Each structure stands twice: as structure tokens, then as C-alpha cells.
1. Give the residue that is modelled with the lowest pLDDT, with candidates limited to residues of segment 493-538 that are surrounded by 14 or more Cβ atoms within 10 Å (Cβ to Cβ) and of a type in the set (Val, Ile, Thr).
2. Go over the candidates 630, 621 one by one and state the one that is at pLDDT below 75 and closer than 30 Å to residue 87 by Cβ.
3. Report, by residue number, each residue of segment 566-622 that is β-branched (Val, Ile, Thr), over 30 Å from residue 43 (Cα atoms) and either touching a Lys or Arg at 6+ places or on another chain (Cβ under 7 Å) or assigned to a strand (DSSP E or B) (or both).
4. Could you list, in sequence order, the residues of segment 258-276 that are in a strand (DSSP E or B), of a type outside the set (S, T, N, Q) and either crowded, with 16+ Cβ neighbours inside 10 Å or without any contact (Cβ under 8 Å) to a residue 60 or more places away in the chain (or both)?
5. Does at least one position in segment 218-230 carry a residue that is in contact with a strand residue (DSSP E or B) (Cβ under 8 Å, 6 or more places away or on another chain), farther than 30 Å from residue 299 by Cα and hydroxyl-bearing (Ser, Thr, Tyr)?
6. Residue 352 fails exactly one of the following numbered conditions: (1) outside the structural domain of residue 468 (by TED's automatic domain parsing); (2) modelled with pLDDT of 95 or more; (3) not hydrophobic (A, V, I, L, M, F, W, C). What is the number of that condition?
7. Looking at 544, 563, which is the one that is farther than 24 Å from residue 501 by Cα, loosely packed, with under 12 Cβ neighbours inside 10 Å and in the same structural domain as residue 191 (by TED's automatic domain parsing)?
8. Those residues that are without any contact (Cβ under 8 Å) to a residue 60 or more places away in the chain, surrounded by 19 or more Cβ atoms within 10 Å (Cβ to Cβ) and closer than 17 Å to residue 303 by Cα, I need them from segment 322-367; list them, please.
Amino acid sequence: MLQTINDKAKGWVAYAIVIFISVPFMLFGIGSYLDNGEQVNAATVNGEDIDISAVTNAALQQKQRLTSIYGTLPPQLDDKTIKTQVLDELVSQELLKQSAAEYGYRASNDEVGEMIRGMPNFQKDGQFDETTYQQLLTANRLNPTTFEQQTRDGLTLQHMTGAIANSGFVSKQQASLYQSLTEQERSGQTYTLKAADNTAKVVSDAEKVKAYYDANSDQFMSEERVKLNYLLLDQAEMVKDVDVNEEKLSAYYESTAGNYRTDEQRKVAHILVSVAKYGKEAAEKRASDLHAQIVANEKTFEELATSASDDTLAADSAGDMGFMALQDMAAEFATAASKLAVGEVSEPVLTDAGYEIIKVSEITPEVQADYADVKDEVESAYRTAEATKLFYERTETLQTLAFENDGSLDPAAASLNDDIKTTGWITRTGGEGVIGQSSKVRTEAFGEEVLKNGINSSLIEISPTVAVVVRLNTHSEAAVKPFEEVEAEATTAYINDEARKLTLDAGNALVAELSKSSDWTALATVAELKSEDVQPFEKLKRNDRKLAPQVTQEIFKTTLVDDKTSFTNTVLPNGDFVVIGLSSVSDGDTEVTKGGLTSFNTDVARREQAALIKSMREQAEVVINESSLE
């Protein structure tokens with residue numbers, strides 16, 4: 001829980017900049033605040049340095065963002081990959097900054113001031129507050145000069161990228177042509193040769209399988225894995241150890257007696273006159289008239305609640321709303337209902353729902369349960385409350401001692417009077433038990449602190465009532481599994497691979513024959529032909545999901561010649577060979593709406609920006625410090 005609080009207490013400045021300036025990876029002079037020793041550079045861009053601490057911090061933020069989205073990082077996104085991606089973004093940002101300076105872009109003092117004054121974090125009651133501004137900057141180790149310069153830099157980049165975006169232009173004629181292509185519809189047929197149908201034709205032996213295993217050893221790798229030493233705090237286990245006696249339970253009952261009290265309940269009914277329906281004055285008059293009829297005994301409450309109430313649901317039961325406690329009613333309704341004796345009807349009361357006439361038909365008094373009758377409940381609640389306190393205390397102790405003695409769990413174990421335990425093997429994707437199944441634990445286990453630096457992890461909150469600190473016990477790199485261990489797996493892989501080859505050969509031969517005649521007559525020669533493997537596609541569009549995306553992509557890469565069927569093919573990931581026969585192409589609508597033209601211009605603007613950065617990267621002198629990515 002403390003780690004969660006710590007995580008959520010960060011990043012408000014980053015959010016403010018991203019939301020209000022829209023410049024990716026806007027970092028805040030982190031190096032000057034975090035790096036108290038010799039400065040180490042991650043890269044140099046045209047002579048300007050990018051500090052390694054900026055990369056480290058941005059990578060951490062990216063990991064936290066991805067973890068919050070996906071629960072755990074994909075295996076391919078290790079620390080080095082994330083740092084590489086982050087550094088690439090920072091290089092691009094530095095190039096944009098240099099280009100902005102070269103071409104004379106600079107945000108004015110008025111723009112910077114307006115931007116900062118408009119940030120909600122610095123406001124009170126909708127107005128900029130100087131004290132709040134100073135306090136928040138101080139809390140985030142920033143001074144006004146630094147923050148204002150960073151805001152200016154962000155606005156300056158926004159000006160330049162905005163100018164680039166505005167230079168992108170698409171004529172209506174070009175947009176019409178583009179729309180015609182994107183909305184194009186294509187028809188034809190596909191025929192699928194299934195790789196699974198050829199597995200029975202493959203003859204395998206140990207020698208062939210071993211040769212396949214040797215040539216494709218990367219398919220038979222064990223996962224990188226770790227064993228972890230850990231100290232686990234589980235509130236559910238602490239419940240069992242709480243010291244309980246009659247004196248403590250009796251005192252707890254007295255202090256929480258309200259939890260064992262059944263509140264007074266009133267059975268109420270109402271007649272509702274809706275202000276939204278009639279307007280306030282007309283609704284008030286209608287409610288008064290209805291009340292007058294009840295008082296004069298012209299109509300009963302129940303008759304009017306059935307025929308005249310705007311609460312149509314309650315009207316079916318003469319306005320009955322059932323038993324309710326006063327605290328569960330709206331304030332005005334509760335005040336009126338509390339004054340009524342059984343059988344009494346209130347005057348019209350204005351509530352959020354409208355004007356209501358209320359009747360109380362039954363009252364059940366408040367009941368306080370005797371201690372003896374709820375003793376088991378009291379004991380359970382007492383144990384939970386005490387265990388919660390103990391969990392918080394022990395969590396604080398574990399977090400503090402594990403941090404202060406990050407080279408060992410022994411001091412924390414001694415203070416907690418607990419034994420250090422060891423997990424079974426855990427990979428980046430899973431493991432046994434509450435430890436191995438936690439994505440938070442796996443992220444820490446394969447992170448820089450635990451795996452590379454060999455120190456204790458930070459406190460990991462597996463759930464609100466379970467927390468753990470881990471450290472590395474054993475690390476096993478990914479390695480090729482012995483042939484004897486995976487022979488059956490290798491045999492299956494060999495057979496599937498050979499079946500794919502047979503399917504590919506048969507498919508290529510069939511496409512060659514079909515292309516000669518420009519029709520499907522050659523399909524009749526296929527001995528294993530199954531009608532369900534021939535599928536028509538009608539008016540297929542580029543973004544349709546009727547076919548596999550790979551098949552749709554190939555269909556729209558094919559050119560129709562002389563209105564004859566054009567044949568092509570694609571191979572699916574499972575080895576199936578799909579023969580494609582394209583028979584007709586219909587262009588889409590050429591009439592472009594105003595919104596469509598705007599969309600095309602936006603797309604061109606993005607490409608212009610991407611082209612600018614690509615050009616700058618090609619011309620720039622960029623030196624990457626590879627060791628900074630480790």
C-alpha cells in the first residue's frame with residue numbers, strides 16, 4: 001500500500017506538461033536534481049548532451065505506464081529495449097529543440113505566463129494561486145526559473161511542429177482519388193490448402209528430427225527464470241494470531257456498538273408531482289390541490305398515489321416505497337417522514353425529485369443486539385481490526401529495514417521474527433503460488449534492482465492485504481533444452497515443418513496452373529479438393545474483417561489485368577496456403593466531405609513531421625553511449 005501511495009504521488013508536473021503542451025516525453029531537468037556525482041551522458045546530439053538520468057527516469061515512467069495498462073510488461077520489452085526506445089524519443093526531441101532555435105521559434109513571456117496560470121494544479125477556486133505554485137514546485141524539487149524555461153521549451157516546440165503541420169495540404173482532387181482507393185471494393189474467391197492435411201504424408205526418423213533440432217535450436221529454449229528469497233506479510237494469516245479475551249471483546253463491542261444496531265425503519269409511501277414536468281409553480285399548486293383532497297376526505301392517499309403520482313413505478317402499489325431508514329432517505333424527505341406518526345400524511349415537501357406527499361404506514365423501532373447474541377461477529381471484527389493495525393505496522397517495518405539493509409533480508413526477518421522463504425522457479429510470464437502469479441513481483445524480479453544489482457526489491461503490494469519484499473536467490477539464463485528432453489516436441493515440430501513445405505510446393509504449383517488459364521478450371525485437378533475450402537468474397541473493403549488480415553492485405557496488393565481473374569497467394573502463420581483469385585474491382589465514392597478533407601490533411605501533417613525528424617536524424621551527428629542502455 002505504501003508503494004502504491006508513493007507511485008501515485010509522482011508525476012503531476014509531467015501530466016500538466018503533456019496535457020497542456022502535448023509534447024511527448026517532456027522531462028524536467030531531472031539530471032540536475034538526481035545526479036549529485038559525475039555527469040554521465042547517454043547520447044550526444046550535435047554536441048548537446050542527453051544525461052543518462054533523463055533516460056533512466058523516462059524509462060521508469062514508461063514501464064510504470066505500460067504496467068498500469070497491461071498488468072505486466074510483455075517479455076520482449078526488457079529494460080534495454082525500453083531504454084533504447086526512450087533514448088530514441090529524447091534524441092528526436094533534442095533535434096526538434098535545436099531546429100526550433102535555428103529557425104527562430106521562441107514562445108513569448110505572455111504565452112508562458114498564460115500557460116502556467118491556466119494549469120489547474122496551480123489554481124484555487126478557479127484562479128491562479130502564487131502560494132500553491134511555489135509549494136508544488138518546491139515539493140517537486142523545481143524552481144520557478146527552471147519550470148518556466150521548460151514550459152517555454154514545450155510551447156516553442158509546439159509552435160514549430162504546428163507550423164510543420166499547417167504546411168501539409170491535400171487538394172480536393174487528391175483527396176477524392178485517395179478516398180476512391182481507400183473505399184475500393186473487391187470480389188473473388190479463395191482456396192485454402194491446409195498444412196494439417198499433409199502431416200500424415202511426412203515420414204520422420206530420429207536422425208531427421210535431431211538434424212531439425214540442431215538447425216532450429218532457438219525453438220527449444222528454456223525461459224529465463226529466477227528463484228527468489230522473500231518475506232511475505234499476509235493480513236489473513238495475522239488474523240489467526242490476534243490475542244483475544246473476554247475483556248477485549250467486551251470493550252470492543254462497547255466502542256463499536258453502532259455496528260450491531262438495527263436502525264429504526266419506516267414503511268413509507270408517496271405521491272410525486274414532478275417539477276420537471278409541470279414547472280415549479282404549477283407543480284406546487286397541483287401538490288397542494290392533491291393534499292387538500294386527502295385532508296377533505298374527497299380522495300384517499302392510496303387512490304391519488306395510484307392515479308395522480310408521477311412516480312409510475314410506485315403507483316402500481318399505491319405509492320408504497322417499502323421500509324427505509326431515515327439516513328437512507330433524501331434530507332428533505334427524511335425530515336418530513338421523521339415527524340409523521342403511523343397513518344399520518346405530510347404536507348407537500350419540495351425535494352430533488354419534485355413535490356412529494358408522504359405517508360408513514362408502519363414503524364419498526366431501533367434494536368440494539370445484545371453482546372452475547374453477536375459475540376462471534378464481534379470477535380471476527382476485532383480480529384480483523386487488530387490484524388489490520390498489525391499489517392500496517394509490519395509493512396512499515398519491512399519496507400524500512402529492507403531499504404536500509406538492501407543487501408540482505410536478514411535484519412527485516414529478525415525484526416519481524418519471520419523466516420526467509422524461497423520460491424520455486426519463476427519466469428517473466430508466470431510461476432507458482434501467490435508470488436509467481438503476481439505480475440508486480442515478476443516485474444520487480446526481472447528488473448534492474450533485483451536481477452542486475454542484486455539488492456532487495458521495494459515493497460510490493462500484491463493485494464491490499466498481502467505485501468512482499470523479494471531478492472534474488474538463483475538466476476538461470478535462457479538456454480537450449482537437451483534433445484532428450486524435447487525429442488517428442490522436436491518430432492512434432494519437424495513433421496509440421498515438412499507438412500508446411502509440402503503445402504507450399506503444392507500451392508505454388510496450383511497457382512502457376514491457375515494463372516495460365518486465368519480461371520479456376522485447374523482446381524478440378526486437386527485430388528483432395530473440399531468444397532468448404534473454396535470461399536467467395538464479395539465487395540471486400542480494406543478494413544473488413546471477413547478474412548484473415550494477411551489475406552485481405554494480399555487481395556488489395558493484387559492488380560486486375562484485362563478484367564480476367566488474377567491469381568496470387570499468401571501463406572498463413574499456421575502454414576496454410578491461401579490461393580486468391582481476384583475477379584472484380586470497384587472504386588469507392590469520390591465525393592469528399594469537409595470532415596474527410598480535414599482528416600486527409602491531418603494525416604499528411606503527421607507524415608510531414610515524421611519526414612522532418614527522419615531528415616534531421618540523417619543529417620545530425622548523434623553519438624550513443626551503448627553502456628547507458630545496459
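1. If we take residues in segment 493-538 being surrounded by 14 or more Cβ atoms within 10 Å (Cβ to Cβ) and of a type in the set (Val, Ile, Thr), then 526 is modelled with the lowest pLDDT.
2. Values: 621 fails: at pLDDT below 75.
From the options 630, 621, the qualifying one is 630.
3. Of segment 566-622, the ones β-branched (Val, Ile, Thr) are 568, 570-571, 578-580, 585, 590, 592-593, 598, 602, 604, 613, 622.
Now narrow it down to the ones that are over 30 Å from residue 43 (Cα atoms): 568, 570-571, 578-580, 585, 590, 592-593, 598, 602, 604.
Within segment 566-622, 568, 570, 571, 578, 579, 580, 585, 592 meet the criteria.
4. Within segment 258-276, the first condition is being in a strand (DSSP E or B), and the residues that meet it are 261-262, 265-273.
With of a type outside the set (S, T, N, Q) added as a condition, the list becomes 261, 266-273.
Correct list: 266, 267, 268, 269, 270, 271, 272, 273.
5. Looking through segment 218-230, at least one residue is in contact with a strand residue (DSSP E or B) (Cβ under 8 Å, 6 or more places away or on another chain), farther than 30 Å from residue 299 by Cα and hydroxyl-bearing (Ser, Thr, Tyr).
6. So the condition that residue 352 fails would be (2).
7. On the way: 544 fails: loosely packed, with under 12 Cβ neighbours inside 10 Å.
Only one candidate passes the filter, namely 563.
8. 346, the sole residue that qualifies.
The values are calculated or read from the model by the stated rules, or taken from the named source; none is laboratory data. It should be emphasised that the depicted structure is a prediction, and the values quoted were computed from it without experimental measurement. Heads up, the Cβs are rebuilt from the backbone with ideal geometry, glycines too, and the neighbour counts pull from every protein chain shown.
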